[in-house]
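Heads up, the thing below is written out as structure tokens.
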Amino acid sequence: MAMLEIKGIRKTFGDLEVLKDISFRVEKGDVISVLGPSGSGKTTLLRCMNFLETADEGTIIFDGEEFKLNGISKADQARIRRKTGFVFQNYNLFLNKTALENVTLGLTAGRKIPKEQAEKKGLAMLERVGMLDRATYYPNQLSGGQQQRVAIARALAADPEIIYFDEPTSALDPELIGEVLNVMRDLANEGMTMVVVTHEMGFARNVSSRVVLMENGVIVEENSAKEFFENPKEERTKEFLRLKKEERE
Amino acid sequence: MISSDTWTLLAESFWKILLPGLKMTIPLTVLSFGLALVISILVALIQFANVPVLKQISRFYIWIIRGTPLLVQLYVVFFGLPSVGVMIEAFPAAVLVLGINEGAYCAETMRSALEAVPSGQMEAGYCCGLNYVQIMRHVVLPQAFRTAVPPLFNSLISMVKNTSLAANITVVEMFMATQRIVGRTYRAMPLYLEVAFIYLIFSTVLTWLQRYFEKRLNAYGGLR
Ligand SMILES: Nc1ncnc2c1ncn2[C@@H]1O[C@H](COP(=O)(O)OP(=O)(O)OP(=O)(O)O)[C@@H](O)[C@H]1O
Ligand SMILES: [Mg+2]
């Protein structure tokens, strides 16, 4: 049984049909890279999966429970969100909280876990992303790469079953990308289930197990990472890979 | 230039003016501003959360209060309401009117401060498993307060000065006390300058307080 399955997501903004009948499944331990040109609907897909955006149609099956995306109750949303983590392109750390407080707030305020216990957990998570020495810093005292690592620690704190990443390195200066990708690679190696929207071809190829290519609100190709890069099925995928290669050169 | 009997007058009247300042102007300001803060947070939150009906009521309240003079509002409550059977003592009437009046202005300050908090803060809160109330309490409101401190101090300082209008409804605050001394001595110029000076001291203390507050909040990592 898949850990997470998405069936028939549709989403329009006004006249613009951004997601046109998207379905896919995630097995435990999968690391799925979602690729695609700008505006293809990748962010919208992730946001619909975590209810930040309400899809017009579609269902989500999470741990065997099925919910309609546009009819799910607030309580069920919250319950599923507690089992998922979300890492934003622009970090979205709580600006009035220190790195440690960012990691623990969901535990203390959200789940009423005692402060000492939450802090112990928070410090362990900060250590995991190499940010222990910045625990008392506020977001605006941290570099982009450091903020994103704290954001990953925050996502990890809830012991999620899956973490969604929306272009976690796109807002970063080139020299800071590596530190974040390294943390993500470690997570993948530890067996964390992840769905990663990214433009980092190296990550998609070397770290992820599966790749999904989106364009204009549909999935063009879904394949194992190896097949996707070495032996793509679709003409459009070859075109996309060729363009990406040219970009790099 | 200033004759010695003017000095004597100023010295003798100083305490007679400052005392009602301490006993009336300051309590009036503190109570009215406290009321204004409570009203403004409620009214701003209602609008921010888009609560139907209450939101329309909030806009109506702000429209009426900002569109009519404070002095007229004082008269309506103190001299007008008794004719429909509602009698309110001068001091509570002044607190009520000043608080409700300033509440409308502060509500707009609070609303814009709430709207200035990036929407990603709310989304991150949801993704961490917090509910709306928890996010507002721990994330959005503290950040909004930080933005609102300078304009709120503006309101507080103008409130101190607006308390002088309460003299019109028989509250013996600093200005009324001064008027009485002028009535006895016919020395308008030195006495009104003296009370102006005392208002200036009050406002200056508040300006210092504002600086202290902003420093404290900046130690907070200085948002943005
Ligand atoms: N809230 C919104 N209101 C209106 N249109 C939106 C909204 N959010 C996204 N869109 C539109 O939906 C389309 C898909 O956007 P989306 O952000 O999902 O693309 P993306 O694949 O993540 O692109 P990128 O690689 O640039 O991040 C775009 O045309 C965008 O303009
Ligand atoms: Mg995007």
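The values are calculated or read from the model by the stated rules, or taken from the named source; none is laboratory data. As the structure is a computational prediction, the values presented were derived from the model and not from experiment. Cβ placement follows ideal geometry from the backbone for every residue including glycine, while neighbour counts extend to all protein chains displayed. Surface areas here come from the heavy atoms of the whole protein model, side chains and all, with no ligands, DNA or RNA. Shrake-Rupley method; radii C 1.70, N 1.55, O 1.52, S 1.80 Å.
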**Every residue from the stretch A:152-176 that is open to solvent by less than 30 Å² (accessible area, probe 1.4 Å) and within 16 Å of ligand 2 (Cβ to nearest atom)** = A:Tyr164, A:Phe165, A:Asp166, A:Glu167, A:Pro168, A:Thr169, A:Leu172
**Message:** Show me the strands (runs of 3 or more DSSP E) entirely contained within the stretch A:156-227 in which 1 or more residues are under 12 Å from the mean Cα position of the chain (by Cα).
**Reply:** A:162-166, A:193-197
**Prompt:** Within the stretch A:197-207, is even one residue within 14 Å of chain B (Cβ to nearest Cβ), within 16 Å of ligand 2 (Cβ to nearest atom) and in contact (Cβ under 8 Å) with a residue 12 or more places away in the chain?
**Reply:** no
**Request:** Could you look through the stretch A:91-121, keep only residues that are of a type in the set (Lys, Arg) and at the interface with another protein chain (Cβ under 9 Å from one of its Cβ atoms), and pick out the one that is farthest from B:Val139 (Cα to Cα)?
**Result:** A:Arg111
**Message:** On the basis of being of a type in the set (Val, Ile, Thr), within 23 Å of B:Thr163 (Cβ to Cβ) and without any contact (Cβ under 8 Å) to a residue 24 or more places away in the chain, does B:Val53 make the cut?
**Reply:** no
**Message:** So A:Arg47 ticks every box in (1) of a type in the set (Lys, Arg); (2) more than 15 Å from ligand 1 (Cβ to nearest atom); (3) within 14 Å of chain B (Cβ to nearest Cβ) but one. Which box is left unticked?
**Reply:** (2)
**Item:** Number of the condition not met by A:Lys42 [criteria: (1) open to solvent by less than 20 Å² (accessible area, probe 1.4 Å); (2) away from ligand 2 (no atom under 16 Å from the Cβ)]
**Value:** (2)
**Item:** B:Arg211 being without any contact (Cβ under 8 Å) to a residue 40 or more places away in the chain, under 23 Å from the mean Cα position of the chain (by Cα) and more than 14 Å from every other protein chain (Cβ to nearest Cβ)
**Value:** yes
**Prompt:** Within the set of pairs 6 or more residues apart or between chains, which connect a residue that is more than 12 Å from ligand 1 (Cβ to nearest atom) inside the stretch A:208-219 to a residue that is in a loop (DSSP other than H, G, I, E, B) with Cβ atoms less than 7 Å apart?
**Reply:** A:Ser209/A:Asp30; A:Arg210/A:Asp30
**Asked** So which of B:Ile46, B:Ile57, B:Ile17 is among the aliphatic types (A, V, I, L, M) and more than 29 Å from B:Arg137 (Cα to Cα)?
**Response** B:Ile17
**Request:** Would you confirm whether any residue within the stretch A:16-33 is outside any strand (DSSP E or B) and either under 16 Å from A:Met214 (Cα atoms) or within 16 Å of ligand 2 (Cβ to nearest atom) (or both)?
**Result:** no
**Residue check for A:Phe86: in contact with a Phe, Trp or Tyr (Cβ under 6 Å, 6 or more places away or on another chain) and at the interface with another protein chain (Cβ under 7 Å from one of its Cβ atoms)** = yes
